[in-house]
Amino acid sequence: MKIIKKYGFFIMITVIISELTFPFVFANFYPDYDPITMLISDFGEDGSPIKTVFKIWQLIDGGLFLLTIPSFYERFKHTSKPLAKWLSIMMAGFAIGDCVITGIFDRSTNTTKINVESIIHDYLSGLGFVALLIAVYILTKLYNLEKEQLVVQLFLIIFLLSICFMLLFAAPKIPIINQVRIPYRGLWQRLNLLFLYLPFFLVSLKSIHWKNKKDQSR
């Protein structure tokens, strides 16, 4: 556990870089893949030339994301133990709901019949995104308790942008809104992920910098 706590922030940075860059790498091995209109989970559908590799990658990233939770809990438990616990729960919800579930269950493109596996994938992945959004809000609350007002303002902006991109991405699944055809769903998904990950990336960098500074002062 000590090793996990020690390197958790480094793992988080690695996971975020992986999550944001690997889909573009995968696109080179998927003929006619369009990142602006197609979703990341399309890599894991039947017929994808990299389906197995994509699913293994998602399971690995989900597992690594879970390993970062002790570091975040340790970082914020003295600020607010209840909020630190909820942050951990939301982070776990995202890692399992979006990454691990995506690695296990397929998303079907067949809309003419009910597919239980596809329903599990869609809804748990959606809940995972919401969990990460809530986690960003919790981080904002924690930094507010620490009187880090610049960080609070930045995270609030990121939080609001994340909501906007999440609504654009989830529009086809939301009643009433789904009647409005909103194109470029792949783009909104990637921008949503970028802004959802950004606070965790910044917290990790800030925590590593603080720890290095602390070690040098000894």
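The values are calculated or read from the model by the stated rules, or taken from the named source; none is laboratory data. Given the structure is predicted, the values throughout are model-derived calculations rather than measurements. Ideal geometry is used to build each Cβ from the backbone, glycine not excepted, and the neighbour counts take in all protein chains shown.
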Are any of the residues in segment 139-155 loosely packed, with under 15 Cβ neighbours inside 10 Å and among the β-branched types (Val, Ile, Thr)? no
Reported set for segment 173-186 where residues are under 23 Å from the mean Cα position of the chain (by Cα) and either at positive phi or surrounded by 13 or more Cβ atoms within 10 Å (Cβ to Cβ) (or both) is Ile182, Tyr184, Arg185, Gly186
If you go through segment 1-32, how many residues are touching a Pro at 6+ places or on another chain (Cβ under 9 Å) and either of a type in the set (Ser, Thr, Tyr) or modelled with pLDDT of 90 or more (or both)? 7
Is there any pair linking a residue in segment 119-136 that is of a type in the set (Val, Ile, Thr) to one that is at pLDDT below 85, with Cβ under 6 Å and at least six apart or on different chains, and which? Ile120/Phe105
Lone unmet requirement of (1) within 19 Å of Ser125 (Cα to Cα); (2) touching a Leu at 6+ places or on another chain (Cβ under 7 Å); (3) at pLDDT 95 or above for Ile101: (3)
Residue that is part of a helix (DSSP H, G or I) and either at pLDDT below 95 or in contact with a Cys (Cβ under 9 Å, 6 or more places away or on another chain) (or both), where the choices are Phe169, Phe159, Phe165, Phe201: Phe169
Of everything in segment 1-42 that's over 13 Å from the mean Cα position of the chain (by Cα) and of a type in the set (D, E, K, R), which residue is farthest from Trp188 (Cα to Cα)? Lys2
May I ask you to list the residues in segment 72-88 that are part of a helix (DSSP H, G or I) and touching a residue at least 24 places away in the same chain (Cβ under 8 Å)? Phe72, Glu74, Arg75, Phe76, Leu83, Ala84, Trp86, Leu87
How many residues does segment 163-204 contain that are closer than 22 Å to Tyr137 by Cα, touching a helix residue (DSSP H, G or I) at 6+ places or on another chain (Cβ under 7 Å) and in contact (Cβ under 8 Å) with a residue 60 or more places away in the chain? 11
Criterion (in a helix (DSSP H, G or I) and either surrounded by fewer than 18 Cβ atoms within 10 Å (Cβ to Cβ) or charged (D, E, K, R) (or both)) met by exactly one of Ile36, Ile60, Ile16: Ile60
